[in-house]
Amino acid sequence: DIFDLIIRMNQTNTGEEITLGDAIKIYTERQGFLVAGSSESSAFSEEEKEYCKPAITEYEKDVLHYPLKAIVDTWVGEGISEETQRKFGIGLNSLMMSITFPHFGENWELYGVRQRMLSQENVDRYGKYRPLERGETLYSSPLSFYLFGLNHTGLQIRVKKKAIVFEGEKSVMKMDSIMGSHNNISVASFFFFLSRHQFEILKSMGVEEIIIAFDRQFREVGDKEFKELVSVYQSINDRYGEKGVKLSFILDSEKISDYKDSPIDKGVEVFSKLYSNKKSIEEVQEVLEV
């Protein structure tokens, strides 16, 4: 992912190994938006009192007629049903051999179309993800300015006043299939952080609790990656913990999921256990200190 790339580039250029937290800070400062853990930004400052909603480019939806609608068999095997894939508009770009994801706002504004490359050749050339390109238009989008899945889950989030924030699109779709659309209160932030824009979207919807449910990016409790995950959770709490919304965190300290799994990847039973054991930031820190 982009953060691994930044770590490798820094090591090549300077000979020094930086942490995941450092890579996140470098990325977010270069992109010009404020996220948990960053102290400076060209877009915001620590003294900012009033939030300003960004303007996001909306694309015409005609482009959605081009990628062939497709069912990814391997995803069905992972628990993302055919019905869910159709619902979320999954397509196939045969020219690039990629799976396409349309990205919408809560009211179905088309903010972009993202591709997930299937061939290793294209991954090496373009990266794992790339915006769809048609003619002279690149359907790119500012990922930190919105949340994936909100067009499908917004109503449930508003009713239940809770939101689960996963890292990736597949987790939102998997929850839709496994838990049922009426129970799906999830969105994806795309990366290993929660931006100010994303937080403010949920807050404006009347959400009373945000559950951060990032991947189990650690092998052992207390190892370097575990400490980095705790650091990210701490920075999210530091940034937003006093803004009138309860923050909870899913932390698989018992390792009932696998390395790099999303909390939803192992199905209803494992997710339900992880969700029921969601922690405050104080409880997260207690796990680290044991």
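Table for the structure above
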{"read-out": "Count of the range 244-258 residues which are surrounded by 12 or more Cβ atoms within 10 Å (Cβ to Cβ), within 17 Å of residue 199 (Cβ to Cβ) and of a type outside the set (Val, Ile, Thr)", "value": "4"}
{"read-out": "Failed item, numbered, when residue 274 is tested on (1) in contact with a helix residue (DSSP H, G or I) (Cβ under 9 Å, 6 or more places away or on another chain); (2) open to solvent by less than 60 Å² (accessible area, probe 1.4 Å); (3) assigned to a helix (DSSP H, G or I)", "value": "(1)"}
{"read-out": "Subset of the range 259-271 (residues that are surrounded by fewer than 20 Cβ atoms within 10 Å (Cβ to Cβ) and among the aliphatic types (A, V, I, L, M))", "value": "268, 270"}
{"read-out": "Contacts under 9 angstrom Cβ, first residue in the range 64-77 being under 21 Å from residue 140 (Cβ atoms), partner of a type in the set (Phe, Trp, Tyr), 6 or more apart", "value": "none"}
{"read-out": "Only one of 219, 130 that is open to solvent by 10 Å² or more (accessible area, probe 1.4 Å), touching a strand residue (DSSP E or B) at 6+ places or on another chain (Cβ under 6 Å), charged (D, E, K, R) and under 24 Å from residue 23 (Cα atoms)", "value": "130"}
{"read-out": "Filtered residues of the range 151-170 (kept if touching a residue at least 12 places away in the same chain (Cβ under 8 Å), within 25 Å of residue 79 (Cβ to Cβ) and open to solvent by 10 Å² or more (accessible area, probe 1.4 Å))", "value": "151, 152, 156, 160, 162, 167, 168, 170"}
{"read-out": "Yes/no for residue 176 being open to solvent by 40 Å² or more (accessible area, probe 1.4 Å) and either in contact with a helix residue (DSSP H, G or I) (Cβ under 8 Å, 6 or more places away or on another chain) or over 17 Å from residue 89 (Cα atoms) (or both)", "value": "no"}
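The values are calculated or read from the model by the stated rules, or taken from the named source; none is laboratory data. It should be emphasised that the depicted structure is a prediction, and the values quoted were computed from it without experimental measurement. When we count neighbours, we look across all protein chains shown, and the Cβ atoms used for this are built from the backbone with ideal geometry, even at glycine. The area values use the complete protein model at the heavy-atom level, side chains included, leaving out ligands, DNA and RNA. Shrake-Rupley method; radii C 1.70, N 1.55, O 1.52, S 1.80 Å.
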